[in-house]
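A.B. asks: Below you'll find the structure I mean.
The values are calculated or read from the model by the stated rules, or taken from the named source; none is laboratory data. Fair warning: this is a prediction, and the values are worked out from it, not measured in the lab. Here Cβ is always computed from backbone atoms with ideal geometry, including for glycine, and neighbour counts include all displayed protein chains.
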Amino acid sequence: MPKAQYGILRFAKYKGPEIGQIESHNERTKESYASNPDIDTNRSKLNFNLLPPPPKYRTEAERQIREAGCRTRKDSVRLVETLITASPEFFLGKSHQEIRGYFERALEFMKTKQDPNTFVSAVVHMDEKTPHMHLCFVPITEDGRLSAKDIVGNKKKLTQWQDEYWSYMVKKYPDLERGESASETGRTHLPPRIFKQATRMHRLEQKLKELLSSINPMNAKRVREEILKVLDEYIPGVAELMTKTKALKRSEKELLGEIAVLKKEVNSSKPSVQRLLELEKKAQEQEELQHTIASLQQTLTAIPPEIIAEYNDPKSERKEIIAIE
């Protein structure tokens, strides 16, 4: 019996410092992606944009917000990223043009739900395991407010998004089944990017520690400049991870609860045992992720105050000012 083919639609919200990282990932501006083994750079030439990307995501978002006259707070969501894809089975045997057609229809659906003038980018990645589109937009409502909550919404709103997405797509792809949102499964969704981001930050953390331990009166100026360069990526990266800590703790709690129930029900049947092993592995990965984030924060506190002050100097070219507590 063939596996079901599900349409997938997910959202992520970003407030500011991490938007540069999203742009770098989506537009493939780096030469290598050692922290993301799923990316095959030899196939990156197959990626394509359905909308021309702006020079900078963050600059474009701020322009839209300013011209719309939206009121903002420091913690306002400035960019919503929509991940659009389908289960791997759906893409099997499809040509490049057929795959493009799927994402073009998905883009048309998004235009029925959100003002296209708020779109920032729509890029399709063909260089990872499953083709997928990252569509980014500024969450400006019809009445001119900046409100990701009103657009993406609560559990009820997310279910409505899933219903309408499937209804729109199934007209052209009748074999496509409706995907389940995290709100319906009861599981907090953690995007794979959070684990990849943690891996990248851990490597930078090791480099920071090496630099900090090597400072002496003879090399202080040179090493300080190297530290500042690392902080340009490290601090926004850690800030992005910190926005996910609540979801991480919630997801781990849900996993442990599911594991406890499954342990009571599990018998000698292989599927049940296999499911339990999968959940236990996920729980362990999430526990390790929490330890990594705690370590990343601790390393920040070890950076000399004068270096942090220099990093936060408003006269510098760094646009993201991060306060270290």
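A.B. asks: Could you go through the range 46-57 and let me know if any residue there is at pLDDT 90 or above and exposed (fewer than 12 other Cβ atoms within 10 Å of the Cβ).
C.D. replies: Initial filter on the range 46-57 (at pLDDT 90 or above): 46-57.
Subset that is exposed (fewer than 12 other Cβ atoms within 10 Å of the Cβ): 52, 55.
So far as the range 46-57 goes, yes, one or more of its residues are at pLDDT 90 or above and exposed (fewer than 12 other Cβ atoms within 10 Å of the Cβ).
A.B. asks: Related question: Of the conditions (1) among the basic types (Lys, Arg); (2) farther than 23 Å from Glu240 by Cβ; (3) outside any loop (DSSP other than H, G, I, E, B), Arg63 clears all except one; give me its number.
C.D. replies: Failing condition for Arg63: (2).
A.B. asks: Glu108 fails exactly one of the following numbered conditions: (1) in contact with a Pro (Cβ under 7 Å, 6 or more places away or on another chain); (2) modelled with pLDDT of 95 or more; (3) not aliphatic (A, V, I, L, M). What is the number of that condition?
C.D. replies: The number of the failed condition is (1).
A.B. asks: If you don't mind, there's one more thing I want to ask. Say we look at the range 185-207 and pick out the residues that are surrounded by fewer than 16 Cβ atoms within 10 Å (Cβ to Cβ) and under 20 Å from Val80 (Cβ atoms); which of these is modelled with the highest pLDDT?
C.D. replies: Looking at the filtered set, the residue picked out is Pro192.
A.B. asks: Separate question: Answer with yes or no whether His132 is modelled with pLDDT of 90 or more, closer than 30 Å to Thr292 by Cα and not assigned by TED's automatic domain parsing to the domain that holds Lys281.
C.D. replies: yes
A.B. asks: Now for a different question. How many of the residues making up the range 116-129 are surrounded by 14 or more Cβ atoms within 10 Å (Cβ to Cβ) and out of contact with any strand residue (DSSP E or B) (no Cβ under 6 Å at 6 or more places or on another chain)?
C.D. replies: Within the range 116-129, the first condition is being surrounded by 14 or more Cβ atoms within 10 Å (Cβ to Cβ), and the residues that meet it are 118-128.
Restricting the remaining residues to those that are out of contact with any strand residue (DSSP E or B) (no Cβ under 6 Å at 6 or more places or on another chain) gives 126-128.
Going through the range 116-129 one residue at a time, the tally reaches 3.
A.B. asks: Name the residue that is nearest to Leu289 (Cα to Cα), counting only residues in the range 197-242 that are assigned to a helix (DSSP H, G or I) and of a type in the set (Val, Ile, Thr). Please lay out each step first, then the result.
C.D. replies: First, the residues of the range 197-242 that are assigned to a helix (DSSP H, G or I): 197-214, 220-242.
The next check asks that each one be of a type in the set (Val, Ile, Thr); those that pass are 199, 223, 227, 230, 235, 238.
On the way: Thr199: 9, Val223: 29, Ile227: 24, Val230: 21, Ile235: 17, Val238: 12 Å.
Only one residue tops the list, namely Thr199.
A.B. asks: Now, a different point. Select the helices (runs of 4 or more DSSP H) contained entirely in the range 75-183, then report the ones holding at least 1 residues which are touching a residue at least 12 places away in the same chain (Cβ under 8 Å), closer than 17 Å to Leu9 by Cβ and β-branched (Val, Ile, Thr). Talk me through it step by step, then tell me what you get.
C.D. replies: Working: elements: 88-91, 96-113, 148-152, 155-170.
Counting at least 1 such residues, we get 96-113, 148-152, 155-170.
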